[in-house]
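One structure is given here, and the rest of the page talks about it.
The values are calculated or read from the model by the stated rules, or taken from the named source; none is laboratory data. Because the structure is predicted, anything quoted here is derived from the model rather than measured. Virtual Cβ from ideal backbone geometry, glycine too; neighbours counted across all protein chains shown.
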Amino acid sequence: MPSQTTAASTAVTAPGATAAPDCADRAGVSQPPEHADEVTERTRAWFALHRRDLPWRDPHAGAWAVMVSEFMLQQTPVARVLPVYESWVARWPEPSALAAEEPGEAVRAWGRLGYPRRALRLHAAATSIVQRHGGQVPDDYEALRALPGVGEYTAAAIASFAFGRRAAVLDTNVRRVLARVFSGVEFPADSLTAAERALATALLPSAQRDAAAWAAASMELGALLCTAKTPDCARCPITELCAWHRLGRPPHDGPPRRGQIYAGTDRQARGRLLAVLRESRSPVGKPALDAVWHAAEQRERALAGLLADGLAVELRDGTYRLP
DNA sequence: GAGGCGTGGAA
DNA sequence: TTTCCAAGCCT
């Protein structure tokens, strides 16, 4: 997102608003903004009619399946996640099955989803679940948050989607929706602010069931209609309640976000090297790695990075393989 | 808190 | 073709 320091800070937050439980005593309790109930109710009604039938939303999918999907969906589009998700949960239907494998198997099964450290973290999380939670995905936010690879968003998402808990689920979609509806700006700030947490908490319906439905619905609204580039306001259930729409959809006015380059970067080099390891069942020699990236200095830096991250290991004979 | 970390589809 | 980016996390 482009930087926008005032994005959600202008949100309707009552005196001493906030949300995060850990600072509630300092900031007080926020009141929901005008039309909060209408926003959440209309969005939930729309969701009931238009929700995508994704496999991890199957009531029988289970918490582990939800957790796997959330890891895979971090920065990766649904369409690319689907096939990998299916084979993953079929092969490892519960945390203990994955934990019993070498971490390299997780990296291999991750395929080309990108950010392969997520595969390593999911494996580590499964191991932790076996060791500390009896093999069952924990059902409370704090325990989830303590797992490797589970940050604020993912912990709230699992708590809400898998266990129906009342949690403020603030992903990039929800943040964009809230920025537009309540702050009248096109995009939220670069990073999650206290004001956004306060707003999201104030919006949370009091009934657990409604809160969980709102979490899923607001994400879906951002993913399907209130998109970053071409929002479909004509089909949006809350256009009349949307500050950004009312203002004529003013474009983001902050400094433009620097587009991330990829070609020629260390990231691409790492990707090339790891692909060689992933696709080989046996350890590979240095020449095989040298062959896929010409620039020697960068190649060595990338390899060192993979080793440091635990995505690759060097054997005594100087060959390399997945961990 | 800014920056690093993959990938491939869509506009 | 180039640009932009898609349900973040960690240091």
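Numbers below:
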| quantity | calculated |
| --- | --- |
| Residue tally, condition aliphatic (A, V, I, L, M), part of a helix (DSSP H, G or I) and within 16 Å of DNA strand C (Cβ to nearest atom), over segment A:287-315 | 4 |
| Selected residue (criterion: surrounded by the fewest Cβ atoms within 10 Å (Cβ to Cβ)) from residues of segment A:209-237 that are among the charged types (D, E, K, R) and within 16 Å of DNA strand B (Cβ to nearest atom) | A:229 |
| Test: residue in segment A:238-259 that is closer than 24 Å to residue A:112 by Cα, loosely packed, with under 11 Cβ neighbours inside 10 Å and at pLDDT 95 or above | no |
| Number of the exception - residue A:272 against (1) outside the structural domain of residue A:156 (by TED's automatic domain parsing); (2) over 21 Å from residue A:75 (Cα atoms); (3) not hydroxyl-bearing (Ser, Thr, Tyr) | (2) |
| Sole exception among (1) polar (S, T, N, Q); (2) within 14 Å of DNA strand B (Cβ to nearest atom); (3) assigned to a helix (DSSP H, G or I) for residue A:260, by number | (3) |
| Of the criteria (1) surrounded by fewer than 24 Cβ atoms within 10 Å (Cβ to Cβ); (2) more than 24 Å from residue A:231 (Cβ to Cβ), which one residue A:160 fails | (1) |
| Those helices (runs of 4 or more DSSP H) lying entirely in segment A:46-142 with at least 3 residues away from DNA strand C (no atom under 13 Å from the Cβ) | A:78-91, A:95-99, A:103-110, A:117-132 |
| Residues located in segment A:288-323, provided they are acidic (Asp, Glu) and over 19 Å from residue A:120 (Cβ atoms) | A:290, A:297, A:300, A:317 |
| Flag for residue A:302 being surrounded by 14 or more Cβ atoms within 10 Å (Cβ to Cβ), within 20 Å of residue A:108 (Cβ to Cβ) and in contact with a strand residue (DSSP E or B) (Cβ under 9 Å, 6 or more places away or on another chain) | no |
